[in-house]
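This report refers to the structure that appears directly beneath it.
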Amino acid sequence: FRRLGLRGMKQRLLVVANRLPVSANRRGEDHWSLEISAGGLVSALLGVKDVDAKWIGWAGVNVPDEVGQRALTKALAEKRCIPVFLDEEIVHQYYNGYCNNILWPLFHYLGLPQEDRLATTRNFESQFDAYKRANQMFADVVYEHYQDGDVIWCHDYHLMFLPKCLKDHDINMKVGWFLHTPFPSSEIYRTLPSRLELLRSVLCADLVGFHTYDYARHFVSACTRILGLEGTPEGVEDQGRLTRVAAFPIGIDSDRFKRALELPAVKRHVSELTERFAGRKVMLGVDRLDMIKGIPQKILAFEKFLEENPDWNNKVVLLQIAVPTRTDVPEYQKLTSQVHEIVGRINGRFGTLTAVPIHHLDRSLDFHALCALYAVTDVALVTSLRDGMNLVSYEYVACQGSKKGVLILSEFAGAAQSLGAGAILVNPWNITEVADSIRHALTMPSDEREKRHRHNYAHVTTHTAQDWAETFVFELNDTVAEALLRTRQ
Ligand code: ADQ
């Protein structure tokens with residue numbers, strides 16, 4: 001945008017994501033209370049210079065009546081948010097079905113649950129149909145608010161059909177699409193029945209972004225193998241038209257974490273926790289309770305560590321904070337009981353009358369409590385089986401400025417490519433290796449801890465969420481400008 005000499009003017013940006021960054025609660029027929037979730041994406045976009053951003057997405061609630069819809073639209077407008085209204089049936093088929101039951105496990109190499117596999121195959125057509133209809137509903141809202149020159153940034157696997165809907169409407173729209181999950185190897189991706197349509201739609205975007213170079217490479221090879229298109233160093237070419245494909249690793253708003261550590265409320269939490277766990281080393285896990293996060297494997301590795309290192313019994317504690325998600329899905333309910341059962345068994349086996357080795361909480365923590373936990377713990381365990389990036393690892397590093405704790409990180413998280421030199425990398429499926437890494441982390445000499453931490457801290461504080469968003473928007477404008485020049489030559 002700056003290269004186009006338009007610095008000083010505000011670039012209008014429409015950010016389209018499945019969920020708006022708000023939680024909406026109805027307080028009366030025409031009254032809503034809204035709470036903005038101050039996540040990474042929100043602060044990333046607030047921090048982008050020269051950009052005037054608006055969000056388009058589903059508010060996460062069913063609002064069947066017009067009075068409610070009008071009131072919610074008005075309340076959201078004050079937060080620069082525009083709602084897409086989805087009814088229960090479409091949410092069931094598009095969101096719970098196609099997105100969460102098919103694309104999510106497939107993109108994380110988990111396949112589908114065995115007993116559901118046939119049912120999923122049978123329902124596939126109707127779920128994909130609902131997915132396309134839902135994407136069209138997002139597109140309709142974009143058209144209503146679009147002005148010439150706007151940049152449209154589509155997010156994630158929920159909206160892979162959106163670039164096509166948008167370009168079919170107006171070929172001149174500047175469209176970018178970014179995937180927050182891994183893009184799997186083409187061997188996995190090609191099992192998806194709707195593989196052709198989704199790839200063709202994503203290729204309608206001008207710029208396609210992934211967290212890592214590997215995901216970008218998998219995407220390009222899927223286009224080559226499935227569509228027979230040529231991959232170039234710049235992206236994918238189809239009949240003279242280039243879709244740029246590149247890696248844009250996300251970051252966090254590290255200053256927000258550093259500032260939080262200075263707040264009296266956070267300092268209070270820190271001293272309470274320090275006192276509570278005095279004399280013991282503390283390890284931390286913070287995850288959404290999802291199969292991709294490898295929580296049962298992590299806890300089993302901790303059990304193995306306790307088994308093999310009896311001298312550490314009662315001297316180390318694991319705090320596992322697991323916020324429940326998709327609680328109405330049977331697979332997730334099963335995962336919760338599985339985790340509870342393993343934790344109960346280990347606490348029964350290694351606990352005493354006054355202390356247990358694992359504190360497991362099934363809930364979300366507020367930002368201040370989370371920062372305090374990140375700051376006081378000696379080791380963080382991030383053992384995702386697959387993870388697009390994993391921001392918890394970044395947040396932990398950002399809060400460890402003084403303690404310089406050790407990060408144990410799965411090699412299957414995108415973050416392994418940026419924090420790999422400072423973290424202890426593990427294969428989360430190998431619980432012996434993870435147990436050994438726990439011992440290594442707990443006994444690591446302070447000069448090695450400092451060196452590892454310095455590397456990661458420098459990365460986390462210089463590759464921020466704001467840089468990520470700014471680079472993506474800049475590259476999108478640049479890509480469109482270059483394509484325009486090419487067609488004029
Ligand atoms: P997620 O799968 O949600 O994101 P992650 O990147 O770790 O995973 O982000 C989770 C966020 O939720 C963090 O900001 C964390 O602080 C917060 N969180 C998790 N558990 C919590 C708890 N118990 N209490 C409070 N807060 C909690 C998806 C992809 C990732 C990718 C991101 C961003 O799956 O791979 O890194 O998008 O692109």
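The values are calculated or read from the model by the stated rules, or taken from the named source; none is laboratory data. Given the structure is predicted, the values throughout are model-derived calculations rather than measurements. Cβ placement follows ideal geometry from the backbone for every residue including glycine, while neighbour counts extend to all protein chains displayed.
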**OP:** Determine if segment 85-101 includes at least one residue that is crowded, with 19+ Cβ neighbours inside 10 Å, among the β-branched types (V, I, T) and at pLDDT 90 or above.
**Re:** no
**OP:** Might you check whether a residue that is closer than 30 Å to V202 by Cα, surrounded by fewer than 22 Cβ atoms within 10 Å (Cβ to Cβ) and away from the ligand (no atom under 15 Å from the Cβ) occurs anywhere in segment 284-306?
**Re:** no
**OP:** Select from segment 150-161 the residues that are within 16 Å of the ligand (Cβ to nearest atom) and either within 17 Å of V480 (Cβ to Cβ) or among the acidic types (D, E) (or both) and write down the one among them that is surrounded by the fewest Cβ atoms within 10 Å (Cβ to Cβ).
**Re:** D156
Original post:
Of these, A205, A134, which one is in a loop (DSSP other than H, G, I, E, B) and either more than 16 Å from the ligand (Cβ to nearest atom) or free of Cβ contacts under 8 Å to residues at least 60 places away in the same chain (or both)?
Top reply: A205
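Residues are listed down the side, and each one gets a yes or a no for (1) aliphatic (A, V, I, L, M); (2) modelled with pLDDT under 95:
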| position | (1), (2) |
| --- | --- |
| L196 | yes, no |
| L199 | yes, no |
| G209 | no, no |
| T212 | no, no |
| Y215 | no, no |
| F219 | no, no |
| A222 | yes, no |
| E230 | no, yes |
| D238 | no, yes |
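Residue by residue, here is whether (1) more than 16 Å from the ligand (Cβ to nearest atom); (2) in a helix (DSSP H, G or I); (3) more than 20 Å from the chain's Cα centre (by Cα); (4) buried (at least 19 other Cβ atoms within 10 Å of the Cβ) holds:
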position: N314; (1), (2), (3), (4): yes, no, yes, no
position: I321; (1), (2), (3), (4): no, no, no, yes
position: H368; (1), (2), (3), (4): no, yes, yes, no
position: L373; (1), (2), (3), (4): no, yes, yes, yes
position: L385; (1), (2), (3), (4): no, no, no, yes
**OP:** Restricting attention to segment 395-421, report how many residues are under 27 Å from Y109 (Cα atoms), more than 8 Å from the ligand (Cβ to nearest atom) and touching a residue at least 12 places away in the same chain (Cβ under 8 Å).
**Re:** 11
Original post:
Among (1) surrounded by 18 or more Cβ atoms within 10 Å (Cβ to Cβ); (2) within 16 Å of the ligand (Cβ to nearest atom); (3) not β-branched (V, I, T), where does H359 come up short?
Top reply: (1)
**OP:** Looking only at segment 262-285, decide whether some residue is closer than 27 Å to A435 by Cα and in contact with a Pro (Cβ under 9 Å, 6 or more places away or on another chain).
**Re:** no
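Here is a yes/no grid of residues against (1) closer than 20 Å to N18 by Cβ; (2) crowded, with 21+ Cβ neighbours inside 10 Å; (3) out of contact with any Gly (no Cβ under 9 Å at 6 or more places or on another chain):
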residue	(1), (2), (3)
P163	yes, yes, no
R190	no, no, yes
P193	no, no, yes
D214	no, no, no
R217	no, no, no
I226	no, no, yes
L229	no, no, yes
**OP:** Taking the residues in segment 171-202 that are closer than 21 Å to F474 by Cβ and not in a loop (DSSP other than H, G, I, E, B) as candidates, determine which candidate is nearest to the ligand (Cβ to nearest atom).
**Re:** F178
Original post:
Quick check: is even one residue across segment 215-232 within 26 Å of W468 (Cβ to Cβ), within 16 Å of the ligand (Cβ to nearest atom) and among the polar types (S, T, N, Q)?
Top reply: no
**OP:** Please indicate, with yes or no, whether at least one residue in segment 339-356 is of a type in the set (S, T, N, Q), at pLDDT below 95 and either under 25 Å from D436 (Cα atoms) or surrounded by fewer than 20 Cβ atoms within 10 Å (Cβ to Cβ) (or both).
**Re:** yes
Original post:
With (1) surrounded by 23 or more Cβ atoms within 10 Å (Cβ to Cβ); (2) farther than 27 Å from E411 by Cβ as the list, and G209 as the residue in question, which single condition is left unmet?
Top reply: (2)
Original post:
Is at least one residue of segment 244-252 within 16 Å of the ligand (Cβ to nearest atom), under 24 Å from the mean Cα position of the chain (by Cα), β-branched (V, I, T) and surrounded by 15 or more Cβ atoms within 10 Å (Cβ to Cβ)?
Top reply: yes
**OP:** Return the only residue of L442, L476 being closer than 28 Å to K174 by Cβ, buried (at least 17 other Cβ atoms within 10 Å of the Cβ) and in contact with an Asp or Glu (Cβ under 8 Å, 6 or more places away or on another chain).
**Re:** L476
